[in-house]
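A short write-up of the structure that comes next.
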Amino acid sequence: MRYAIVIEQADGNYSAYVPDLPGCVATGATVTEVEAEIRDAIRFHIEGLKADGLQVPVPTSMAEYVDA
């Protein structure tokens, strides 16, 4: 499955979250690092949902850029 992620710059690092997986978050010192961390977080989150017998949410969120 392919999930949309949101990466935000914070004070001194970056954070990421997955709109379709509430509670699935990660941080990293760089964009590259936070991307790797959120991939691991997604896998871990999904494994946890399955282990608990819960349904894994289907990805529905989309991300797009627009010029203002």
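Computed extension gain for Gln9 through Thr27, at 0.36 nm per residue and net of the alpha carbon distance, reaches 5.5 nm.
Relative to the longest principal axis of the Cα atoms of the chain, the long axis of helix 31-51 makes an angle of roughly 20 degrees.
Modelled spin-label separation between Ala36 and Asp52, with each label point placed 7 Å from Cα along the Cα-to-Cβ direction: 2.8 nm. Given the choices [x] 59; [y] 73; [z] 51, percent of Cα pairs over 14 Å apart derived from the coordinates of this structure is entry [x].
Read-outs: derived from the displayed coordinates by stated rules, not from any lab. This one's a predicted model, so the numbers in the text were calculated from it and none came from an experiment. Every residue, glycine as well, gets a Cβ built from its backbone with ideal geometry; the counts of neighbours run over all protein chains shown.
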